[in-house]
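Following: one structure in structure tokens, then a few remarks.
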Amino acid sequence: GPGRAPDPRRWLVLAVASAAQFLAVLDVIAVNIAFPAIGDDFGAASTARLSWVLNAYTIVLTALLVPAGRLADRSGGRRSFLTGLVVFGVASVGCGAAPGLEALIAARVLQGVGAAVLVPTSLSLALPGFPQRERATALGIWTAVSAVAASTGPLIGGALAASSWRWIFLINVPVVVAAALAGLRLLPRTAPGDRHGLDPVGTLLVLLCTGCLATAFVTAEDWGRTSAGTLGMLAAGLLAGALGVRHMRRAKDPVIDPELFRTPGFPAAGLGIFAYFLAYSAMLLSITLLCTGVWGFSVQRTGLAVAPWPGTVLVVSALSGRIVGAIGERVAGAVGSLSFVAASLWWLVGVEQRAHYAVALLPGLVLAGVGTGLYQPVAFAAAGRLPVRLLSLGSGVLMMARQGGTALGVAVLVALTGSTQHAPLPPLRAGWVFAAAMSIAATAAVVRWGSARRAPR
């Protein structure tokens, strides 16, 4: 309330929440690097079977974010966070010790369950302890951690896989133990909400919608983009989504509270995050493919080449609170998304077949870092304007938009390149055009939610 002193432990709580967020994002990216080593260990498994080591985690995480956020609001964020942390840690041990590919995939499913509980509750636990003047900085740090995890995933995964791919999972264990011990001491105790009205029908429809759509996106390349399986999953997801919207309008206490979408700026923020991560994931993958495929860099060298992106994110995120305070959320967000447009166009014009890192690639990486450091804190601040009882659910909806945009952005770039290993330069250029267009859409969204916040309720 006004005049109340801020929680003196708020930065430590943010550190615990950010550590969990780092692990959840890193385990999406780093595992890609270990695919060949995992396949060799398990009898040269086919690419289609091996892809489920990544797909199982991504699909389960995306599908469970909203129901997990809803459950956290009902049962208490602290309890949900610690439970998710334990599940994630146990699953990481299972992944590292898996005797076969099927056991590894099963452990990855469990790991996705733990991550789905962790991700929305991490923000809802950390944010309320900060006064309004510090929230932009706190959100900047929280989003910077996930950006650094995504950007450095190839480098960390390559370094660990050089010893054994199992270390990619086992390295999570000491971090989980430390975060759990710190969480028991530091995390605020939250009162459980109303335990009634968990809306099983709505929850099932959300699971079907997000699960089927995520499956269609991440398996389209393996199954075929026009195959019966892909089109069937896409149709089932859209049908479940339409039925879910109809159910939400009629149900007394639906799984996704309609109040979320009556909060000024929240719907536009969700659309903006979706468009932004379409661009973000396509840009990150395209740069990785450029360095490894077109320019012939090693995985380790590629990780170092991409490092200025997360490095810039860290600097800009540390200043994001002051920047937002000086120019406002709407302008800061627009500068961030337009920096993504500038980065994509820079690569489109400057990148050639021969490697010219300092001139052709580096300026775009810095621009992308500026965009990441400014846009994400402003976009995810929409969760902070929700009532406390809806914080985890709102965070889950925004995270679902992030995961959906990431999965679809990767699928679009893979469709353009036709390969995730040796893509030629022209399809990568098409990917940068796509990223620029999605960044413009994200700019329109930030302008829209800035206007919505000024409008009377």
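At a glance:
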| quantity | calculated |
| --- | --- |
| Percent carbon-and-sulfur accessible area, the stretch 9-187, ignoring ligands, DNA and RNA, probe 1.4 Å | 71 percent |
| Gained length - E259 relative to R9, 0.36 nm times residue gap less alpha-carbon distance | 86.9 nm |
| Heavy-atom accessible area per residue - the chain, 1.4 Å, Å² | 40 Å² |
| Fraction of accessible area attributable to carbon and sulfur, the stretch 259-450 (%, probe 1.4 Å) | 71 percent |
| Convex hull per residue volume in Å³, alpha carbons only, for the stretch 259-450 | 107 Å³ |
| Point-to-point label distance, L304-L319, nm (Cα→Cβ direction, 7 Å offset) | 2.7 nm |
| Rg/Rh (Cα only; Kirkwood hydrodynamic radius) as it applies to the stretch 9-187 | 0.99 |
| Residue-averaged 222 nm ellipticity for the chain, from DSSP H runs of 4+ at -39500 (n - 2.57), nearest 500 | -27000 deg cm²/dmol |
| Dipole magnitude of the stretch 259-450, debye to nearest 20 (Cβ charges: Lys/Arg +1, Asp/Glu -1, about Cα centre) | 220 debye |
| Spin-label model distance (nm) - A444 vs L243, 7 Å beyond Cα toward Cβ | 3.2 nm |
| Cα shape, the chain, gyration tensor, a/c 1.5 rule | rounded |
| Geometric extent, Cα atoms of the stretch 115-187 - Rg, Dmax (angstrom) | 15.0, 45 |
| Nearest-20 debye value, the chain charge dipole, Cβ charges on Lys, Arg, Asp, Glu | 1440 debye |
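The values are calculated or read from the model by the stated rules, or taken from the named source; none is laboratory data. Keep in mind that this is a model prediction, so the values were computed, not measured. Heads up, the Cβs are rebuilt from the backbone with ideal geometry, glycines too, and the neighbour counts pull from every protein chain shown. Side chains included, ligands, DNA and RNA excluded: accessible areas come from the protein's heavy atoms. Shrake-Rupley method; radii C 1.70, N 1.55, O 1.52, S 1.80 Å.
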